[in-house]
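Following: one structure in structure tokens, then a few remarks.
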Amino acid sequence: AEAAPGAVHVPHWLDADRQRALLTACREWARPPAGLRTVRTPGGGTMTARQVCLGWHWYPYAYARTVVDGDNAPVKPFPAWLDELARNAVADALGPEAVPGDPYDIALINFYDGDARMGMHRDGDERSEAPVVSLSLGDTCVFRFGNTETRTRPYTDVELRSGDLFVFGGPSRLAFHGVPRVLPGTAPAWLGLTGRLNITLRVSGLAA
Ligand code: MD3
Ligand code: FE
């Protein structure tokens, strides 16, 4: 379903087996070195969702090849199968003409416990207009999809559930968005995850 121009929500895109496989991979990636970390913003704040990156390391507000705000280890590689997954996601959600020429080369994986949230923001550190692919695992969250002008209304609240795909292309790529809350205890029992995980796949537009 198109939530806004270029923003398409595909519920249940990942079946149970693919959700379990993706969760297993995320747990591996979360281990040190270059594992899960708390993100600190330049203003002195901390993000409540913890994060691990693949391919390029995101820190507020740029990309690096090492964990400059953590253990300084080289960022873990971005596997080719995630590029394939992202391309299939964009083709399914937006159509084959929306699949970018450049490969997907960044994964940002956010881990939310019951109290974690993400404030309204725009993602502007990539040098590519390629659609962003978002995959959700575990607890349902309220995802707030806003406008390109302000971090306030008008916005639309959408529930994102385990296995859901959301693709943000075209004008939606620069829209404000956030996660005002996670709904604890809503993860499917067979997944074995407490809390919520979100994986975004992106094209950096940066020199390899
Ligand atoms: C719209 N993540 O990683 S997913 C982020 O659930 C981020 O962890 C949230 O916002 C999460 O930057 C929301 C949906 C999402 C992700 C990236 C976008 C929406 C987006 C990039 C551009 C526009
Ligand atoms: Fe974002």
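Here, each number is a calculation from the coordinates, and none is a lab measurement. Only a predicted model underlies this, so the values are computations on that prediction, with no experimental measurement involved. Note that we place each Cβ from the backbone using ideal geometry, even for glycine, and neighbour counts take in every protein chain shown.
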Inset, instruction - Would you mind classifying region 3-149 by shape? Square roots of the alpha carbon gyration tensor eigenvalues, ordered a ≥ b ≥ c; an a/c under 1.5 is rounded, otherwise it is prolate if a/b is larger than b/c and oblate if not. - result: rounded
Inset, instruction - Give, as ranges by residue number, the residues of region 152-180 whose backbone N falls under 20 Å from the point 7 Å along Cα→Cβ of Asp102. - result: 167-175
Inset, instruction - Starting from the Cα of Ala208, step 7 Å along the direction of its Cβ; do the same at Trp190; then give the gap between the two resulting points in nm. - result: 3.9
Inset, instruction - Could you tally the net charge around Ser128, taking each other residue with its Cβ under 9 Å from the Cβ of Ser128, Lys/Arg +1 and Asp/Glu -1? - result: -1
Inset, instruction - State to the nearest 20 debye the size of the charge dipole of the chain about its Cα centre, where the only charges are +1 on K and R beta carbons and -1 on D and E beta carbons. - result: 580
Inset, instruction - Report the label-to-label distance for Ala64 and Asp92 in nanometres (one decimal), using points 7 Å from each Cα along the Cα→Cβ vector. - result: 3.6
Legend entry - Potential extension, His121-Glu149 segment - 0.36 nm per residue separation minus Cα distance: 9.0 nm
Legend entry - Part-to-part distance (alpha-carbon centres) for region 183-199 and region 141-159, which is given in Å: 23
Inset, instruction - Rounded to the nearest Å, what's the spacing between the alpha carbon centres of region 83-120 and region 1-35? Just the number, please. - result: 8
Inset, instruction - Would you mind computing Rg(Cα) / (2.2 N^0.38 Å) for region 1-78, counting N as its residues? - result: 1.34
